1. For residue 36, all conditions in the list (1) within 12 Å of residue 59 (Cα to Cα); (2) exposed (fewer than 15 other Cβ atoms within 10 Å of the Cβ); (3) in contact (Cβ under 8 Å) with a residue 12 or more places away in the chain hold save one; what is the number of the exception?
2. Output the residue which, of all residues in segment 1-33 that are touching a residue at least 40 places away in the same chain (Cβ under 8 Å) and out of contact with any helix residue (DSSP H, G or I) (no Cβ under 7 Å at 6 or more places or on another chain), is farthest from residue 57 (Cα to Cα).
3. Can you spot a residue in segment 13-25 that is surrounded by 12 or more Cβ atoms within 10 Å (Cβ to Cβ) and in contact with a Pro (Cβ under 9 Å, 6 or more places away or on another chain)?
4. Here's a check for you: in segment 8-41, which residue that is in a strand (DSSP E or B) and basic (Lys, Arg) is nearest to residue 52 (Cα to Cα)?
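Each value in this text was obtained by applying a stated rule to the coordinates, not by laboratory testing. These figures come from a predicted structure and were not determined experimentally. Glycine also receives a Cβ, built like all others from the backbone with ideal geometry; neighbour counts cover every protein chain displayed.
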Amino acid sequence: MEEVQMPLCLIRQGRTMYDNLMKIGKSEPWLRETLSQLQIYDVRDVRYALLDPNGSVHVLYA
């Protein structure tokens, strides 16, 4: 299994980084649910979403 560098970018400039989701075994629905818990409902509003080594998602949005 490929070693994943952390933090890992999940969204960049409103675009989902599907390759990075696959690296961590997660899906787009998982990402959308995670964002909805932060009251973010449109991926296009997100500048960056990063996954840290502890599994927390950090979001910078416009």
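1. Of (1) within 12 Å of residue 59 (Cα to Cα); (2) exposed (fewer than 15 other Cβ atoms within 10 Å of the Cβ); (3) in contact (Cβ under 8 Å) with a residue 12 or more places away in the chain, only one is false for residue 36: (3).
2. 6
3. Applying the first criterion (surrounded by 12 or more Cβ atoms within 10 Å (Cβ to Cβ)) to segment 13-25 yields 14, 16-18, 20-21, 23-24.
Checking the rest, the ones that are also in contact with a Pro (Cβ under 9 Å, 6 or more places away or on another chain) come to none.
Among the residues of segment 13-25, not one is surrounded by 12 or more Cβ atoms within 10 Å (Cβ to Cβ) and in contact with a Pro (Cβ under 9 Å, 6 or more places away or on another chain), which makes the answer no.
4. Of segment 8-41, the ones in a strand (DSSP E or B) are 8-12, 15-16.
The next check asks that each one be basic (Lys, Arg); those that pass are 12, 15.
Details: 12: 15, 15: 19 Å.
Looking at the filtered set, the residue picked out is 12.
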